[in-house]
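Notes follow the structure.
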Amino acid sequence: MENQNEVLIEVRHLKKWFPVDGFFNKEKKYVKAVEDVGLKIKKGETLGIVGESGCGKSTLARVITRLLEPTEGEIFFKGEDITKLPPEKMRQMRKHMQMVFQDPYASLNPRMRVRDILSEPFVIHGICSEKEARTKAAELLELVGLGKESAKKFPHEFSGGQRQRICIARALAVKPDIILCDECVSALDVSIQAQIINLLVKLQKDFSIAIVFISHDLRIVQHISTNVAVMYLGQVVETAAKEELFKNPKHPYTKALLSAVPISKPGMERNRIIMHGEIPSPINRPAGCGFSTRCSLADDVCRQVYPARYLVGKEHFCCCYKVGGEIVNE
Amino acid sequence: MDDTILKVENLNVVFNTKYGCAKAVNQANFSLKKGQKLGLVGESGSGKSVISKSIIRLLASPPAQISGKILLEGQNLLELSEKKMEVYRGNKISMIFQEPMVCLNPLFTIGNQMMEVLIKHEKITKKEAKSRSIEMLRTVEIPSPETRMKQYPFELSGGMRQRIMIAMSLLCHPEVLIADEPTTALDVTIQAQIIDLLNNLNRDFGTSIIMITHDLGVIAEMVDTVAVMYCGNIVEKAPVADIFDTPKHPYTEGLLNSIPSMEDSGKDLEAIEGSVPSLYDLPKGCPFRNRCKYVRKVCEYHIPPTVDLGGRSVSCFQYTDQWEVKE
């Protein structure tokens, strides 16, 4: 497959700042949810985005699909800059990029029957008539492992896992090039999680869709991804192929994060790096490196200078001057 | 058997609601030794929290109907009057909850809430209460405890609040600490900190801990003995290493196979098919039989008995004589 290396989405210097309006303070402050993010997503790959809560994973996904407007930076979809597209054009563009959200209870309209939920995308994007859409909806249900009889039901008649299947079916309806899954299994029980992950892996193989898989659960990200990006305080601190990242993490935060994952067997030996303190607030970011307040390697340079992006291995980028490497400017 | 501190015998909890009768806990039996760490695992709705709340008698009854025995140092907690129970709660047995924000009163300072515990339970002056609270905050590794005493819960982060909750629950040196999903709302790095803290407290004070969680990783890191719950039944009980190495119950096996492991990835996960049945509408016989890959005819009629396998027990017909009977 020669198109395997084709870049589907490229993000450059993306920023999203939310203004915080203080009642009394004159000085305008911002929550810097996404700070200068650069990413490439290739066709058919699975990019896992990991990070703790509040690090900007979800905001990033929403900015990429322009459900939130970026403050600065560019987003290219198949080489086309979509940052400035007018709303109507953007709506058509979303045919190619779909999202699956965390809470399957909140993301399905409780007043619509499943068949209506699933045929809506066809009608909105003018793909086919409503009648054809109904048959296609039934096919979609089959695809995600729900019976035909589900079509008549309302969302409340399903369990969490089944609802998430409906959400996935809805995302698949328009044959997108990419699906962004924002913590799509976090609300589910372990045994159901495994079902949904298997479904996603299978669908991705069958339709060669790219998946952006956002999760705080490193075990799942490791299972599903081909590439992984680690976020901290709005910044992507490290990106690499999965094997490389999990075997050979470079950034001190990635190392600590990996060591914090609960082991899967009791009595296993490991060196746990316990990080002290907590994530600083994205309103008052530290001046230099965002991680400098918790990092054991940090020195004065870290605290004052914003780290550049270094190339530390094959397609392995890391934002830490202590680790070093060749500076990349993209 | 003298060092058994808490013993739960034939505990049943039934909720009578307008939708029907839900058996949240069915014939639960387990005991906790001094200094032991027991883990209760199961998916949502399996009855883990109901057990913990019945032990500390925080379950409103009615609607809950609790029967059986909960023996703390020989005293049946279910027979105590509410006034007497108040003496036990905090002094002998205490609990930390999943959401530390909901459990702290937003209108009072941390210091105020901590000192209240001591003043209520012990004859102690305010000054002593204050110094002991600060001491305890230091034990749970909270930086600059004097300042924290004057702060309100909203000024602290989630991990910090959970530490405060732990400090509060340990103030009167209880013998049993029930931790109901204490790390679920927290990030992995903070979770690691809290697990470390609980392990240290168990080592230093000899506090017995009942750890309730759905995360088998947390179980592997923390506890000595595990009880696996499914639909209100304790289906398997064993030392932690045995659970992970040789799971006996099909549900435990399925649960272990559903977690992606950090060691071998890329393979398909072995998910458990189907979903958890509703408590109002449990299948007859074994509650797991609709999802079990080994299911046989015997499973349809009776709830499987608890079989003792020497140091561990399991509730499954596979380990009884009835299994081999011709179908």
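The values are calculated or read from the model by the stated rules, or taken from the named source; none is laboratory data. Computed from a predicted structure; not experimentally measured. With ideal geometry, Cβ positions are generated from the backbone for all residues, glycine too; neighbour counts draw on all protein chains shown. Note: areas computed on protein heavy atoms with side chains; ligands, DNA, RNA excluded. Shrake-Rupley method; radii C 1.70, N 1.55, O 1.52, S 1.80 Å.
Assorted remarks:
- Just so you know, in the range A:137-148 the residues that are open to solvent by 70 Å² or more (accessible area, probe 1.4 Å) and at pLDDT 85 or above include one that is farthest from A:Gln195 (Cα to Cα), and it is A:Glu139.
- Any hit, the range A:104-125, residues being open to solvent by 40 Å² or more (accessible area, probe 1.4 Å) and within 14 Å of another protein chain (Cβ to nearest Cβ): yes
- Among the residues of the range A:263-279, some residue qualifies, meaning at least one is over 30 Å from B:Val240 (Cα atoms) and under 22 Å from the mean Cα position of the chain (by Cα).
Conditions tested, residue by residue: (1) closer than 28 Å to B:Leu256 by Cα; (2) touching a Phe, Trp or Tyr at 6+ places or on another chain (Cβ under 9 Å); (3) surrounded by 21 or more Cβ atoms within 10 Å (Cβ to Cβ).
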residue: B:Arg161; (1), (2), (3): no, no, yes
residue: B:Ile164; (1), (2), (3): no, no, yes
residue: B:His173; (1), (2), (3): no, yes, no
residue: B:Thr213; (1), (2), (3): yes, no, yes
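- A:Lys175 away from chain B (no Cβ under 14 Å), open to solvent by 20 Å² or more (accessible area, probe 1.4 Å) and within 26 Å of A:Lys15 (Cβ to Cβ): no
- Count - residues of the range B:52-83 that are touching a residue at least 60 places away in the same chain (Cβ under 8 Å) and among the aliphatic types (A, V, I, L, M): 5
- A:Leu14, sole failed condition from (1) modelled with pLDDT under 90; (2) over 23 Å from A:Leu218 (Cα atoms); (3) of a type in the set (A, V, I, L, M, F, W, C): (1)
- Selection from the range B:215-257 of residues that are more than 14 Å from the chain's Cα centre (by Cα), within 12 Å of chain A (Cβ to nearest Cβ) and aliphatic (A, V, I, L, M): B:Ala220, B:Ala238, B:Val240, B:Ala241, B:Ile243, B:Leu255, B:Leu256
- Which listed residue is under 30 Å from A:Tyr232 (Cα atoms) and β-branched (Val, Ile, Thr), from B:Ile219, B:Ile209, B:Ile178, B:Ile243: B:Ile219
- Counting residues in the range A:17-32 that are within 16 Å of the chain's Cα centre (by Cα) and either in a strand (DSSP E or B) or at pLDDT 90 or above (or both) gives zero.
- Of all residues in the range B:18-50, those satisfying the criterion of being among the hydroxyl-bearing types (Ser, Thr, Tyr) and either open to solvent by less than 10 Å² (accessible area, probe 1.4 Å) or farther than 18 Å from B:Val223 by Cβ (or both) are B:Tyr19, B:Ser44, B:Ser46.
- B:Ser131 within 25 Å of the chain's Cα centre (by Cα), outside any loop (DSSP other than H, G, I, E, B) and small (Gly, Ala, Ser): no
- Evaluation of A:Glu52 against (1) in contact (Cβ under 8 Å) with a residue 40 or more places away in the chain; (2) assigned to a loop (DSSP other than H, G, I, E, B); (3) of a type in the set (D, E, K, R); (4) surrounded by fewer than 20 Cβ atoms within 10 Å (Cβ to Cβ) (one fails), failing number: (4)
Results for (1) outside the structural domain of B:Ser54 (by TED's automatic domain parsing); (2) under 28 Å from B:Lys48 (Cβ atoms); (3) surrounded by fewer than 17 Cβ atoms within 10 Å (Cβ to Cβ), shown as yes or no for each residue.
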| residue | (1), (2), (3) |
| --- | --- |
| B:Glu99 | yes, yes, yes |
| B:Met114 | yes, yes, no |
| B:Val117 | yes, yes, no |
| B:Thr125 | yes, no, yes |
| B:Ala129 | yes, no, no |
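- Residues in the range B:264-316 that are of a type in the set (A, V, I, L, M) and within 14 Å of chain A (Cβ to nearest Cβ): B:Leu269, B:Ala271, B:Ile272, B:Val276, B:Leu279.
- Residue in the range A:251-262 that is open to solvent by 20 Å² or more (accessible area, probe 1.4 Å) and farther than 20 Å from A:Ser53 by Cα present: no
- Flag for A:Gly73 being part of a loop (DSSP other than H, G, I, E, B), at positive phi and touching a residue at least 60 places away in the same chain (Cβ under 8 Å): no
- Boolean, B:Val102 is in contact with a His (Cβ under 8 Å, 6 or more places away or on another chain) and in a helix (DSSP H, G or I): no
- Considering the range A:220-322, the qualifying helices (runs of 4 or more DSSP H), each wholly inside and each with 3 or more residues that are more than 14 Å from chain B (Cβ to nearest Cβ), run over A:300-304.
- With respect to (1) closer than 24 Å to A:Leu14 by Cα; (2) more than 11 Å from chain B (Cβ to nearest Cβ); (3) small (Gly, Ala, Ser), the lone exception for A:Ser208 is condition (1).
- Where helices (runs of 4 or more DSSP H) fall entirely within the range B:181-276, those with at least 2 residues that are more than 25 Å from A:Ile196 (Cβ to Cβ) are at B:188-205, B:216-222, B:240-245.
Condition check ((1) under 23 Å from B:Asn200 (Cα atoms); (2) not aliphatic (A, V, I, L, M)) across all residues:
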position	(1), (2)
B:Pro62	no, yes
B:Gln75	no, yes
B:Glu82	no, yes
B:Met95	yes, no
B:Pro100	yes, yes
B:His121	no, yes
B:Glu146	yes, yes
B:Ile164	yes, no
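- Which numbered condition B:Ser258 fails, given (1) open to solvent by 30 Å² or more (accessible area, probe 1.4 Å); (2) free of Cβ contacts under 8 Å to residues at least 24 places away in the same chain: (1)
- Qualifying residue in the range A:9-30 (condition: touching a Leu at 6+ places or on another chain (Cβ under 8 Å) and surrounded by fewer than 18 Cβ atoms within 10 Å (Cβ to Cβ)): no
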